[in-house]
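Engineer: Structure provided below as structure tokens; questions to follow.
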Amino acid sequence: MTAQFLLVDTCAYLRLASHVHPNFWGGHPQYELRSIAETDPEFSGKRLRSKKVWPNRDPHPALRKKWQLKVTRPQLNEIIASEPQVLEFAEAALEEQIAHRRKFDGAGEAIEFLSPTDLRLLSTAYYFGHGVLTDDYALKLAAREFDLAVVTSLQMLKYFFDLKFVDSAKVDNIMQQWHAGDDLPHLGWVSEFKDFFKRAAPKLLAAAAK
């Protein structure tokens, strides 16, 4: 079976990569995890650097570069040219499904559901027919509208568990760390955890809550 290529968004990378290093990127039996160049600037931003140090420490920047999806200049030009149509289609679908989640700027103008980086990730995935690794609700819905495979952080964590990169104790510890960092994937994570791991989700320490 050919491994499914998954393009990884920034938040999913931050949730998972350090916990399974050095086994995050690259080829696995079922999935091939790749970064895209457009996510790299997010790691050098002041806000992220003040919260997480490891993404900018060796060997992580070099690993992201090593496993970056190879895109030629003509391919990139075609991806960029497709973005207005991809955005139009995605925005219309998301407006129909999650209009109540729409945010507005100070002038009352609607803000697009997909950030520029998420749009590039989606457009690149659509161009190559790759899936996405993400927990972002809008991006998940949009990717499914384009018939792209979607994998969540918890689903990937279960996959890493099956590969024995982490054990049950490590999985529970990861959940505690996500909780402590106010970084649980979404409100329905408990049900999703049970679906994937076939056991109850760990009880999170109240002291870790923010």
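The values are calculated or read from the model by the stated rules, or taken from the named source; none is laboratory data. Keep in mind the model is a prediction, meaning the values are calculated, not measured. Here Cβ is always computed from backbone atoms with ideal geometry, including for glycine, and neighbour counts include all displayed protein chains. Ligands, DNA and RNA are stripped out before the accessible areas are found, and what is left, the full protein with its side chains, is counted by its heavy atoms. Shrake-Rupley method; radii C 1.70, N 1.55, O 1.52, S 1.80 Å.
Engineer: Quick check: anything in the stretch 84-94 without any contact (Cβ under 8 Å) to a residue 12 or more places away in the chain and either aliphatic (A, V, I, L, M) or closer than 30 Å to Phe165 by Cα (or both)?
Structural biologist: Let us first name the residues in the stretch 84-94 that are without any contact (Cβ under 8 Å) to a residue 12 or more places away in the chain, namely 84-85, 88, 92.
Narrowing the set further to residues that are either aliphatic (A, V, I, L, M) or closer than 30 Å to Phe165 by Cα (or both) leaves 92.
Yes - at least one qualifying residue is present in the stretch 84-94.
Engineer: Can you name the condition, by its number, that His100 falls short on among (1) touching a residue at least 24 places away in the same chain (Cβ under 8 Å); (2) farther than 18 Å from Leu122 by Cα?
Structural biologist: The failed condition is (1).
Engineer: Mind listing whichever residues of the stretch 88-121 are of a type in the set (A, V, I, L, M, F, W, C), under 16 Å from Lys140 (Cβ atoms) and out of contact with any strand residue (DSSP E or B) (no Cβ under 7 Å at 6 or more places or on another chain)? Break it down into steps so the answer makes sense when it comes.
Structural biologist: Pass one, the stretch 88-121, residues of a type in the set (A, V, I, L, M, F, W, C): 89-90, 92-94, 98-99, 104, 107, 110-111, 113-114, 119, 121.
Retained after the next criterion (residues that are under 16 Å from Lys140 (Cβ atoms)): 89-90, 93-94, 98, 113-114, 119, 121.
Phe89, Ala90, Ala93, Leu94, Ile98, Phe113, Leu114, Leu119 - these are the residues of the stretch 88-121 that are of a type in the set (A, V, I, L, M, F, W, C), under 16 Å from Lys140 (Cβ atoms) and out of contact with any strand residue (DSSP E or B) (no Cβ under 7 Å at 6 or more places or on another chain).
Engineer: Name every residue in the stretch 96-132 that is of a type in the set (Gly, Ala, Ser), assigned to a helix (DSSP H, G or I) and under 14 Å from the mean Cα position of the chain (by Cα), in order of residue number.
Structural biologist: Initially, the stretch 96-132 is screened for residues of a type in the set (Gly, Ala, Ser), giving 99, 106-108, 110, 115, 123, 125, 129, 131.
Adding the requirement that they be assigned to a helix (DSSP H, G or I) leaves 99, 123, 125.
Once the filter is applied, which keeps residues that are of a type in the set (Gly, Ala, Ser), assigned to a helix (DSSP H, G or I) and under 14 Å from the mean Cα position of the chain (by Cα), the stretch 96-132 yields only Ala125.
Engineer: Turning to a different aspect of this structure: Please state which one of Leu154, Leu163 is touching an Asp or Glu at 6+ places or on another chain (Cβ under 8 Å) and closer than 25 Å to Pro29 by Cβ. It would help to see each step written out before you state the result.
Structural biologist: Numbers: Leu163 fails: touching an Asp or Glu at 6+ places or on another chain (Cβ under 8 Å).
Answer to the check: Leu154.
Engineer: If we keep just the residues of the stretch 34-45 that are under 14 Å from Lys65 (Cβ atoms) and in contact (Cβ under 8 Å) with a residue 60 or more places away in the chain, which is most open to solvent (accessible area, probe 1.4 Å)?
Structural biologist: Our first condition is that a residue be under 14 Å from Lys65 (Cβ atoms); within the stretch 34-45, this holds for 34-41, 43-44.
Then drop every residue that is not in contact (Cβ under 8 Å) with a residue 60 or more places away in the chain, which leaves 34, 36, 38-39.
Details: Arg34: 39, Ile36: 7, Glu38: 58, Thr39: 9 Å².
That would be Glu38.
Engineer: Out of all the residues in the stretch 152-201, which are open to solvent by 70 Å² or more (accessible area, probe 1.4 Å), assigned to a helix (DSSP H, G or I), charged (D, E, K, R) and farther than 17 Å from Leu133 by Cβ?
Structural biologist: Within the stretch 152-201, Lys194, Asp195 qualify.
Engineer: What number of residues within the stretch 9-33 satisfy the criterion of being open to solvent by 40 Å² or more (accessible area, probe 1.4 Å) and either within 19 Å of Arg57 (Cα to Cα) or out of contact with any helix residue (DSSP H, G or I) (no Cβ under 8 Å at 6 or more places or on another chain) (or both)? Give the steps one after another, and end with the answer.
Structural biologist: Applying the first criterion (open to solvent by 40 Å² or more (accessible area, probe 1.4 Å)) to the stretch 9-33 yields 11, 18, 21-23, 27, 29-30.
Among the residues that remain, those that are also either within 19 Å of Arg57 (Cα to Cα) or out of contact with any helix residue (DSSP H, G or I) (no Cβ under 8 Å at 6 or more places or on another chain) (or both) are: 11, 18, 21-23, 27, 29.
Total satisfying the criteria: 7.
Engineer: Determine if the stretch 46-58 includes at least one residue that is of a type in the set (Asp, Glu) and under 13 Å from the mean Cα position of the chain (by Cα). Spell out the reasoning first.
Structural biologist: Applying the first criterion (of a type in the set (Asp, Glu)) to the stretch 46-58 yields 58.
Now narrow it down to the ones that are under 13 Å from the mean Cα position of the chain (by Cα): none.
Within the stretch 46-58, not a single residue is of a type in the set (Asp, Glu) and under 13 Å from the mean Cα position of the chain (by Cα).
Engineer: Here's a follow-up. Within the stretch 6-13, identify whether any single residue is within 24 Å of Lys170 (Cβ to Cβ), in a strand (DSSP E or B) and β-branched (Val, Ile, Thr), and answer yes or no. First the steps, then the outcome.
Structural biologist: Residues of the stretch 6-13 that are within 24 Å of Lys170 (Cβ to Cβ), as a first pass: 6, 8-13.
Still in the running and in a strand (DSSP E or B): 6, 8.
If we keep only those that are β-branched (Val, Ile, Thr) too, we end up with 8.
Yes; the residues of the stretch 6-13 include at least one that is within 24 Å of Lys170 (Cβ to Cβ), in a strand (DSSP E or B) and β-branched (Val, Ile, Thr).
Engineer: Which residues, counting only those in the stretch 56-79, are in contact (Cβ under 8 Å) with a residue 12 or more places away in the chain, under 18 Å from Tyr127 (Cα atoms) and open to solvent by less than 80 Å² (accessible area, probe 1.4 Å)?
Structural biologist: The answer is Gln68, Leu69, Val71, Gln75, Ile79.
Engineer: Out of the residues in the stretch 139-151 that are in a helix (DSSP H, G or I) and open to solvent by 10 Å² or more (accessible area, probe 1.4 Å), state the one that is nearest to Ala17 (Cα to Cα).
Structural biologist: Taking the stretch 139-151 and keeping what is in a helix (DSSP H, G or I), we get 139-145.
Of the ones still in play, those that are also open to solvent by 10 Å² or more (accessible area, probe 1.4 Å) are 140-141, 144-145.
Working: Lys140: 20, Leu141: 24, Arg144: 24, Glu145: 27 Å.
Here the answer is Lys140.
Here's the yes/no breakdown for (1) at pLDDT below 95; (2) part of a helix (DSSP H, G or I):
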{"position": "Leu16", "(1), (2)": "no, yes"}
{"position": "Phe24", "(1), (2)": "no, no"}
{"position": "Glu42", "(1), (2)": "yes, yes"}
{"position": "Leu48", "(1), (2)": "yes, yes"}
{"position": "Val71", "(1), (2)": "no, no"}
{"position": "Gln75", "(1), (2)": "no, yes"}
{"position": "Ile79", "(1), (2)": "no, yes"}
